[in-house]
Amino acid sequence: MDKEFLWVYTIIVFTKKQKKEEIILCAMFCGKKKKFLLNQAEALKLRNYLSNVVHTDAHNGPNGYPVRSLYFDSLSNRDFQEKEDGLELRRKFRLRVYSPDADFALFEMKQKQGPYQRKRSLRLSRREAQALIEGDYSVLLNSGSEFGQECHSIMEMWAYRPKTVAEYDRFAFIAPENSIRITFDSGIRANEVNFNMFDRNLVLNSVMSPFATVLEVKYNGFLLSYIKHMLLPVQKSELSVSKYCMARQIGCDYRF
């Protein structure tokens, strides 16, 4: 059997009227992601190539757009350690905004199963997000979402706490086929002391060379050949790098 298969959950639903089982197949881990570390020249060259054949993200400005995330982890840094140990199955929780002035935030859980990944999100108001930052996880329990309740159970059971804020500048390209998304992330910076991600004046320290860029290629199923061909010059630098781990340079003495 091909190793690159879709992970499938079989859910058995019992109906009272029909008195029979219905089998529902749900592809849970269907996305794939590749990461590459580029120098400044490589990043600019590839961006120029892609701009001629792939649509740019509508949110891009002249230099892309900022992304700011607050990461949560257990008291024993369970998620960080699982990433460092290279566990096949792992997850992480984060709260994400695209501006400190935003009136909402996205609470997300990312799960990895080998080369496959799954991301689920819950939209929270600014007030709910601030409560989450302060350790009030009841906003997840009372969200009316099964996903929110699932996250509440995990975070309470493992005593999750805010650990670090990471911010970077992203320039993105999209292709509708196979939900392809290509992003260039640079200027990665972090703060492991102040977790108020809505602070306009949040002090952030660089955690990666200002001349380096992390390229991420996300897609479902398979990568189209013309995009794969454009990536050939950078294939040699594929790596497994986590912005969360990079942002834990002080708390976990991480070195990239």
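The values are calculated or read from the model by the stated rules, or taken from the named source; none is laboratory data. The structure displayed is predicted, hence computed values, not measured ones. FYI the Cβ positions are ideal-geometry reconstructions off the backbone, even for glycines, and counts take in every protein chain you see. Remember, those area values only see protein heavy atoms, side chains included, never the ligands or the DNA or RNA. Shrake-Rupley method; radii C 1.70, N 1.55, O 1.52, S 1.80 Å.
Using a 1.4 Å probe on the protein chains only, how many percent of the accessible area of segment 75-234 belongs to carbon and sulfur?
51
Please label the shape of the chain as rounded, prolate or oblate, based on the square roots a ≥ b ≥ c of the eigenvalues of the alpha-carbon gyration tensor (a/c under 1.5 means rounded; beyond that, a/b larger than b/c means prolate, else oblate).
It is oblate, given that a/c is not under 1.5 and a/b is not larger than b/c.
Cα gyration tensor of segment 44-130, axes a ≥ b ≥ c as square roots of the eigenvalues: rounded (a/c below 1.5), prolate (a/b > b/c) or oblate?
Since a/c reaches 1.5 but b/c is at least a/b, the shape of segment 44-130 is classed as oblate.
Note down the relative contact order for segment 97-149 as a percent, whole number, built from C-alpha pairs under 8 angstrom at least six residues apart.
So the answer I get is 26 percent.
Anything in the chain that counts as a DSSP H helix reaching 15 Å or more along its axis (C-alpha) with Kyte-Doolittle mean of at least -1.0? List them, would you?
40-51, 146-157
Going by the alpha-carbon gyration tensor, a ≥ b ≥ c the square roots of its eigenvalues, is segment 130-256 rounded (a/c under 1.5) or, if a/c is not under 1.5, prolate (a/b greater than b/c) versus oblate?
Cα axes put segment 130-256 in the oblate bin.
Count neighbours as other Cβ atoms within 10 Å of each site's Cβ, and list the trypsin sites (Lys or Arg not before Pro) in segment 209-256 that are DSSP loop with at most 12 such neighbours.
Within segment 209-256, the qualifying trypsin sites (Lys or Arg not before Pro) (loop, at most 12 other Cβ atoms within 10 Å) are Arg255.
If you count only protein heavy atoms with a 1.4 Å probe, what accessible area per residue comes out for the chain, rounded to a whole Å²?
Per-residue value: 54 Å².
Quote the relative contact order of segment 179-256 in percent (integer), defining contacts as alpha-carbon pairs under 8 Å separated by 6+ residues.
For segment 179-256, the relative contact order is 37 percent.
For Cα pairs less than 8 Å apart in space and 6+ apart in sequence, what is the mean separation divided by the residue count of the chain, i.e. the relative contact order in percent?
24 percent.
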